[in-house]
1. What are the residue pairs meeting all of these: first residue in the range A:78-93, first residue more than 9 Å from chain B (Cβ to nearest Cβ), second residue of a type in the set (A, V, I, L, M), Cβ atoms under 6 Å, and 6 or more apart or on different chains?
2. Of all residues in the range A:58-86, count the ones that are open to solvent by less than 10 Å² (accessible area, probe 1.4 Å) and closer than 21 Å to B:PHE18 by Cα.
3. Taking helices (runs of 4 or more DSSP H) that do not extend beyond chain B, which have at least 2 residues that are open to solvent by less than 40 Å² (accessible area, probe 1.4 Å) and more than 7 Å from chain A (Cβ to nearest Cβ)?
4. Does the range A:125-181 hold any residues that are out of contact with any Phe, Trp or Tyr (no Cβ under 7 Å at 6 or more places or on another chain) and on the phi > 0 side of the Ramachandran plot, and which are they?
5. Just to verify a result, which residue in the range A:4-20, among those that are more than 9 Å from chain B (Cβ to nearest Cβ) and touching a Phe, Trp or Tyr at 6+ places or on another chain (Cβ under 7 Å), is farthest from A:GLY91 (Cα to Cα)?
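The values are calculated or read from the model by the stated rules, or taken from the named source; none is laboratory data. In this text the structure is predicted, and so the values were computed from the model without any measurement. For neighbour counting, all protein chains shown are included, and Cβ atoms are generated from backbone atoms with ideal geometry for every residue, glycine included. When the accessible area is computed, the model is the full protein with side chains, heavy atoms only, and any ligands, DNA or RNA have been set aside. Shrake-Rupley method; radii C 1.70, N 1.55, O 1.52, S 1.80 Å.
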Amino acid sequence: MAEHHSALAHQFDDLTQQWDASTFGMWVFLVTEIMFFGGLFAGYAVYRSAYPDAFAEGSLHLSLALGGTNTVILIASSLTMALGVRAAQLGDNRATAWWLIATLGLGSAFLVIKVFEYHHKYVEHLIPGPGFLFEGPHARQVEMMFCFYFAMTGMHALHMVVGAGLLIYFILQARANRYSPDYFGPVEVMGLYWHFVDIVWIFLFPLLYLIGHRR
Amino acid sequence: MTHTTHHIEPQKIYFGVFGALMVFTAVTVWASMVDLGPLSIVVALVIAVCKALLVVLFFMHVRYSRPLTQIVVAGGVLWLIILLVLTLSDYFSRGWLPAPAGW
């Protein structure tokens, strides 16, 4: 009998119900996140359909090399996250900790590249506001494109920072041998969050970096 | 207690999904350099949706989740579609009828 399993919170009947409740709760939260980013994507769609040329022109000022590298890095971090959850399912805390450290490393690399990208935009006077300088017939519309670029990638990066902070906690927990085949729900839920942030970038990459028709 | 038998994917499935995601990424970059006219946004979004599906079904385990979780996921996507379709149908249809004179 498992009534007094050390990982079972007292409000749940058993570990199954506890696990179901935590994943269900995380998915409900992710739906609110879908709607949050959905609003940004809707605004993007409205302005891009109104000023398609300005958005394509602005996109040419984003670095395909850096954006593409970050896409590969982030998808790789989703792989290491999935492998970390799998190790937790098997109760292998050592492997869980190492996979999560790899995920944290890749996520940090993503953020470092993002900082370099933002710095380039600062040097090139492409940050919307009084410092924005752009030669061309539709400079104001390009400025709007960069508003969306910074709002969308900025909110995404903020989610990455939160995820990185959570990862540190989970690495410490795994190193303290907290997880077992009976109790790995928290790692599973952390994985759901990380993969969601990955999916947001999967849409941001083609919509921001790949619309300038480079040849 | 009722013991949950969680499905544990073989590692090679995760590596396979990662490989497919890399291929899709390469294809979307390549497609963006070909002049497809108005089709290019369609191609980019179809590829992105395929990638998202791979992540949701395999990495996020929705393939093996309980029906309740699957309904929540589908519901979230449905509401996102409502948000996008109603917003865009408003903006796209604004020029269809002339504003009445005298307003």
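1. Filtered contacts from the range A:78-93: A:THR80/A:ALA102; A:GLY84/A:LEU100; A:ALA87/A:ALA95; A:ALA88/A:VAL187; A:ASN93/A:ALA174.
2. Taking the range A:58-86 and keeping what is open to solvent by less than 10 Å² (accessible area, probe 1.4 Å), we get A:58-59, A:62, A:67, A:70-71, A:74-75, A:77-78, A:81-85.
Still in the list and also closer than 21 Å to B:PHE18 by Cα: A:67, A:70-71, A:74-75, A:77-78, A:81-85.
Residues that pass the stated criteria total 12.
3. Details: elements: B:11-32, B:39-54, B:67-93.
Of the helices (runs of 4 or more DSSP H) lying wholly inside chain B, those with at least 2 residues that are open to solvent by less than 40 Å² (accessible area, probe 1.4 Å) and more than 7 Å from chain A (Cβ to nearest Cβ) span B:11-32, B:39-54.
4. Scanning the range A:125-181 gives A:GLY129, A:GLY136, A:ASN177.
5. A:GLN18
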